[in-house]
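Take a look at the structure set out below.
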Amino acid sequence: MLLAIDTSAGTSVAVVDREGGILAEHSSDDTRRHAEVIGTLIARSIADAGIEVADLSGVVAGMGPGPFTGLRVGIAAARAFALGAGKLIIPAVSHDAIAFGCTAPTLVATDARRREVYWSTYSGSDAAGLPIRTNGPGLVRVGELETAVDGFAGYRLLEAATVSAGALGMLAETMFANGRAFDDAFDGRPGALYLRSPDVTMSSGPKRVTS
């Protein structure tokens, strides 16, 4: 049984079970109030699932792609909860959760703000029902998706405004049940999939002081 948290778009929290499916899920579409709602959504999901924290095996964190500020709220909340509860922390790609269950070639696109979109392509699902990502995640300007993605016309475009934590959790449950390595889903890229440099960077040298 897993607690799943994703803040790559809105904020979504769910409790899932490999056999029972999605036991509870609560979400907010607001893309600017992740920190304000995350605690309430976690508490509601656990209460509605009728479980104790001790019943959980781990916590799934949606690692993006997503805007830096919102995405890090969910990752930090997942890590803090897992640490406090003594549970495993499990990383999962948010786009993979959107594509979970898709059997046809699919192009997933989500809002990256600043007139840009995140994208990933999938050829369908494997024998275990897991999405087969063929390219991405990537970042392009709005309106340039068709030229950026090879074979664009052959994909079903799935533009998602939110990411379901329930789907994220069931993706992780299915991966675990089939012995899949979670790190493999990131293609060697460590940590969260921000795909964009931070707005603030450290200075390369000492600050000049003038009188």
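Where a number appears in this text, it was derived from the coordinates with a stated rule and is not lab data. Bear in mind the structure is a predicted one, so any value in this text is a computation, not a measurement. Positions of Cβ are generated from backbone atoms using ideal geometry, with glycine treated the same way; all protein chains shown enter the neighbour counts.
Taking θ as phi - 60° and the Karplus parameters 6.51, -1.76 and 1.60, the scalar couplings of region 80-86 work out to 5, 5, 4, 5, x, 8, x Hz in sequence order, x denoting glycine and proline. Considering only Leu107, Ser123, Pro91, the residue lying farthest towards the positive end of the dipole of region 85-173 is Pro91, judged by Cα position with unit charges set on Cβ. In order along region 15-22, the phi-based Karplus estimate (6.51 cos²θ - 1.76 cosθ + 1.60, θ = phi - 60°) of 3J(HN,Hα) comes to 10, 10, 9, 4, 8, x, x, 7 Hz; Gly and Pro are listed as x.
A cut-off under 13 angstrom between Cβ atoms defines the neighbours of Glu25, and their net charge, with Lys, Arg +1 and Asp, Glu -1, is -2. What you get for the chain, charging only the Cβ of Lys and Arg (+1) and of Asp and Glu (-1), is a dipole of about 920 debye around the Cα centre.
Taking the centroid of alpha carbons for each part, region 86-124 and region 125-185 are 4 Å apart.
Between amide H atoms placed 1.01 Å from N, distances below 5 Å from Thr31 occur with no residue 5 or more places distant or on a separate chain. What shape does the chain take by its C-alpha gyration tensor, where a ≥ b ≥ c are the square roots of the eigenvalues and a/c under 1.5 counts as rounded, a/b above b/c as prolate, and the rest as oblate? Because a/c hits 1.5 or more and a/b fails to exceed b/c, the chain counts as oblate.
Listing His26, His34 from fewest to most neighbouring C-beta atoms within 10 Å gives His26, His34. When the Gaussian network model of the chain links Cα atoms closer than 10 Å, the mean-square fluctuations of Gly50, Gly129, Gly21 top out at Gly50. Which parts of region 116-132 would a label at Asp150 reach, counting a residue when its backbone N lies under 18 Å from a point 7 Å out along Cα-to-Cβ? What the label zone holds, given the 18 Å backbone N cut-off, is 119-124, 132.
Tell me the mean residue ellipticity at 222 nm calculated for the chain from its helices only (DSSP H runs of n ≥ 4, each -39500 (n - 2.57), averaged over every residue, nearest 500). -8500 deg cm²/dmol, from helical runs alone. Residue-wise HN-Hα couplings along region 98-105, as the Karplus relation 6.51 cos²θ - 1.76 cosθ + 1.60 with θ = phi - 60° gives them from phi, are 5, 7, 4, x, 7, 9, 9, x Hz; Gly and Pro carry x.
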